[in-house]
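The structure under discussion appears below in the form of structure tokens.
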Amino acid sequence: MADAILVLNAGSSSIKFSVFASRGDELAPVLRGQVEGLATRSRFVARSPEGAIVAQRNWTEPGLDHAGALEHIAGFLAAERGDCELVGVGHRVVHGGLAFSAPVVVTAQVIET
């Protein structure tokens, strides 16, 4: 079973995700997708690394909130994990201000800064 990492990017009206699996010394993309239109007409789509749609679903208004979108993504990933075991989750954080102009690991010092 391959170790996998889930990367999330939550915005004000969408949550995007990517799953990467350990393949030897490299990480390979396994799935990517998003729930967009949060709190309106939500739409979920998941794609293979080649871009083919592997799942999709639509909700009518008021649609999903952030918690509902995460719950749907988690359920989808649990059902579609294949030979991958989730060993880590990361979240993209944007807004480095003046102090950070490149990616950094969020530590206590980074939060304080």
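The values are calculated or read from the model by the stated rules, or taken from the named source; none is laboratory data. All values derive from a computational prediction rather than experimental measurement. Every residue, glycine among them, receives a Cβ derived from its backbone with ideal geometry; neighbour counts consider all protein chains shown. Surface accessibility is based on the protein's heavy atoms, side chains included, excluding ligands, DNA and RNA. Shrake-Rupley method; radii C 1.70, N 1.55, O 1.52, S 1.80 Å.
For the range 56-113, what are the residues that are over 17 Å from residue 12 (Cα atoms), assigned to a strand (DSSP E or B) and not small (Gly, Ala, Ser)?
Once the filter is applied, which keeps residues that are over 17 Å from residue 12 (Cα atoms), assigned to a strand (DSSP E or B) and not small (Gly, Ala, Ser), the range 56-113 yields 56, 57, 58, 84, 85, 86, 87, 89.
So, in the range 10-38, exactly how many residues are over 20 Å from residue 84 (Cβ atoms), aliphatic (A, V, I, L, M) and in a strand (DSSP E or B)?
Matching residues across the range 10-38 total 2.
Among the residues of the range 39-95, which ones are closer than 24 Å to residue 27 by Cα, within 14 Å of the chain's Cα centre (by Cα) and free of Cβ contacts under 8 Å to residues at least 12 places away in the same chain?
Scanning the range 39-95 gives 74, 75, 78.
For residues that are more than 19 Å from residue 65 (Cβ to Cβ) and not in a loop (DSSP other than H, G, I, E, B), scanning just the range 39-51, find the one that is least open to solvent (accessible area, probe 1.4 Å).
Kept after step one, since they are more than 19 Å from residue 65 (Cβ to Cβ), are these residues of the range 39-51: 46-51.
Retained after the next criterion (residues that are not in a loop (DSSP other than H, G, I, E, B)): 46-47.
Numbers: 46: 0, 47: 72 Å².
Among residues in the range 39-51 that are more than 19 Å from residue 65 (Cβ to Cβ) and not in a loop (DSSP other than H, G, I, E, B), the one least open to solvent (accessible area, probe 1.4 Å) is 46.
Inside the range 80-103, can you point out the residues that are out of contact with any strand residue (DSSP E or B) (no Cβ under 8 Å at 6 or more places or on another chain) and open to solvent by 80 Å² or more (accessible area, probe 1.4 Å)?
Passing the criteria: 93, 94, 95, 98, 101, 103.
Does any residue of the range 66-87 turn out to be in contact with a Pro (Cβ under 9 Å, 6 or more places away or on another chain) and not aliphatic (A, V, I, L, M)?
Checking the range 66-87: not a single residue is in contact with a Pro (Cβ under 9 Å, 6 or more places away or on another chain) and not aliphatic (A, V, I, L, M).
Any idea how many residues of the range 52-70 are within 22 Å of residue 94 (Cβ to Cβ) and open to solvent by 80 Å² or more (accessible area, probe 1.4 Å)?
1
For the range 104-113, which positions are polar (S, T, N, Q) and loosely packed, with under 10 Cβ neighbours inside 10 Å?
107, 109
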